[in-house]
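Colleague: Sending over a structure as structure tokens; questions will come in a sec.
The values are calculated or read from the model by the stated rules, or taken from the named source; none is laboratory data. Note that the structure is predicted; figures quoted are calculated from it, not measured. So basically every Cβ, Gly included, is an ideal-geometry build from the backbone, and we count neighbours across all protein chains shown. Protein only, heavy atoms only, side chains kept; ligands, DNA and RNA dropped before computing areas. Shrake-Rupley method; radii C 1.70, N 1.55, O 1.52, S 1.80 Å.
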Amino acid sequence: MWERNQLAEFYSGFYHKSMGVHIFHDLKECMDNDDEALYMWGKAIEHLAHGEQEQYKIDSERATELSKPLMEACKANNKFNIVSAEVDAWFIDFWTQPDAVEQMIENIREHPILVKLDITLARMAWKLGFYHGAGAAFGRFWTRLMGQPTWSADLNSIYPHPVEAGAETNDKVGKKDASAVFLSEAWHGFYPNQDIRSYFLDCFARDTTQYDAIDAVVGYISTDTSFLAKNDFKQAMKTMKQINRTNFQPCTKDPVSSQAFYIMLEMQKEATKFFTTPGVERQV
């Protein structure tokens, strides 16, 4: 029997429209529901819609406090670990600026109608029980106030959930194996004189999230000629880089694969340097 998880719907809508990340099915699987947390988010949105800033602050902080334990199981999901850290970095980066309030006011002045519309839509969607829509409007509201996410989290500070090599996942279409084969062939293409594909496939951790990250990157490259200028492409690249690094860890026990791991890190440094060069779109 299908059970609805209204909190997962709300948070997935927020992550989708603020960070550009599709995470509904992940949250539905790992996040617990809670009537009190749901109630407090409803009250917070109501206060925000009426301009009651102090009460909104109190209720939203309480809602966030109640929600955190409900996401404990989500820490086994690497996609969640990354997007959660990036949301925190986004808020911290903005509100630690000396002129944060002035900048927020200036942002609101640029599109006052859209700001009001977003929070009105969030309130209406909540009252209608359309929690994903409420979260989406709430996420858009914050992008109006603070600008687009900075994607500045230190990925080395994130402690991804380890995935053992060859670990089984709830994968019915072979995604975990497809991503491993893809990357092993990519390594062979870079270094045809040193065939480490068999080592790679034996030790590389299987993770369906990795397939999704690779699929997003390849999708941008193959369908959008201006992909290098897209923030979504940049965030997909950062996500793929972090997951690759995590899933390669079991390979460091083997001397041949360890060498490849070191080469991978060096390549990623060079790629990052290249893709962050001003005017890289014209070079490509």
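Colleague: Pairs Lys17/Lys43; Lys127/Lys241; Lys43/Lys238; Lys43/Lys241; Lys127/Lys238: which are spaced more than 32 Å apart, C-alpha to C-alpha? All intermediate terms of the calculation are to be shown ahead of the outcome.
Modeller: On the way: Lys17/Lys43 21 Å; Lys127/Lys241 40 Å; Lys43/Lys238 35 Å; Lys43/Lys241 39 Å; Lys127/Lys238 37 Å.
From the list (Lys17/Lys43; Lys127/Lys241; Lys43/Lys238; Lys43/Lys241; Lys127/Lys238), the Cα-Cα distance tops 32 Å for Lys127/Lys241; Lys43/Lys238; Lys43/Lys241; Lys127/Lys238.
Colleague: Arrange the residues Met124, Met31, Met104 by how much accessible surface each exposes, largest first, with a 1.4 angstrom probe.
Modeller: Numbers: Met124 100, Met31 5, Met104 40 Å².
I get Met124, Met104, Met31, largest accessible area first.
Colleague: Counting other C-beta atoms within 10 Å, and keeping those with at most 11, which DSSP coil chymotrypsin sites (Phe, Trp or Tyr not before Pro) do you find in segment 1-108? Mind showing how you got there, number by number?
Modeller: Working: sites: Trp2, Phe10, Tyr11, Phe14, Tyr15, Phe24, Tyr39, Trp41, Tyr56, Phe80, Trp90, Phe91, Phe94, Trp95; in loops: Trp2.
Taking segment 1-108 and a limit of 11 other Cβ atoms within 10 Å, the loop chymotrypsin sites (Phe, Trp or Tyr not before Pro) found are Trp2.
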